[in-house]
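Note sheet for the following structure.
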Amino acid sequence: MAPVAAAGRPRATLVGSAAREQRDNVFVTSVVVAFVFLTVAIASVKVRGSMQQDASRTAIAGTLTQVYEQQTAFRVLNRRFATWPELQARGMTLPGEQRVVATNASRSHWFMAVRDTATGIVCSRTGELFDDSPFARQPSCSGGPP
């Protein structure tokens, strides 16, 4: 005697149902795996961008520290702070990816804003007559991709 199909269904229907269930499982698994890979890719792009922005801010802060040192030396000799062209004439240069956006100088203070052309970050800083060190004032940064 032949085995009886479950609940009176023919054997072919049971095989088709199992195949359909397996296809559905493969599809759902594929969608989940694709979603996980996409999420990891987006997260890694954001992390890389954040690291580039942090490196840009650090590089511009280093530049502004050098400007502080040049301004201090200029002020000792000339009793005023230097304009950017005067600093350039004394040999001050910026790294290739940085550009001066704004600058100002007087007897008692100086101001400079520098843009990193790779990231779009702009950091500015002022220096005052009575600053004790290049770290007395931190640069203020803005910009970059959202």
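Taking THR126 as the residue in question, decide whether it is under 11 Å from TYR68 (Cα atoms), surrounded by 14 or more Cβ atoms within 10 Å (Cβ to Cβ) and of a type in the set (S, T, N, Q).
Yes; evaluated as a whole, the condition is true for this residue.
Can you pull out every residue in segment 63-77 that is aliphatic (A, V, I, L, M) and farther than 15 Å from GLN98 by Cβ?
Correct list: ALA73, VAL76, LEU77.
If you check VAL114 against the conditions, is it touching a helix residue (DSSP H, G or I) at 6+ places or on another chain (Cβ under 6 Å) and touching a residue at least 40 places away in the same chain (Cβ under 8 Å)?
So VAL114 fits the description; yes.
Just checking, does segment 60-76 include any residue being part of a loop (DSSP other than H, G, I, E, B) and either free of Cβ contacts under 8 Å to residues at least 40 places away in the same chain or not β-branched (Val, Ile, Thr) (or both)?
Within segment 60-76, the subset part of a loop (DSSP other than H, G, I, E, B) is none.
Within segment 60-76, not a single residue is part of a loop (DSSP other than H, G, I, E, B) and either free of Cβ contacts under 8 Å to residues at least 40 places away in the same chain or not β-branched (Val, Ile, Thr) (or both).
At pLDDT 85 or above, loosely packed, with under 10 Cβ neighbours inside 10 Å and not aromatic (Phe, Trp, Tyr): which single residue out of GLY8, GLY91, GLY62 fits that description?
GLY91
Taking the condition of a type in the set (Asp, Glu), at pLDDT 90 or above, closer than 15 Å to MET112 by Cα and in contact with a helix residue (DSSP H, G or I) (Cβ under 9 Å, 6 or more places away or on another chain), does GLU86 pass?
Criteria met by GLU86.
The values are calculated or read from the model by the stated rules, or taken from the named source; none is laboratory data. None of these values were measured; they are calculated from a predicted model. Note: ideal-geometry Cβ built from the backbone for every residue, glycine included; neighbour counts use all protein chains shown.
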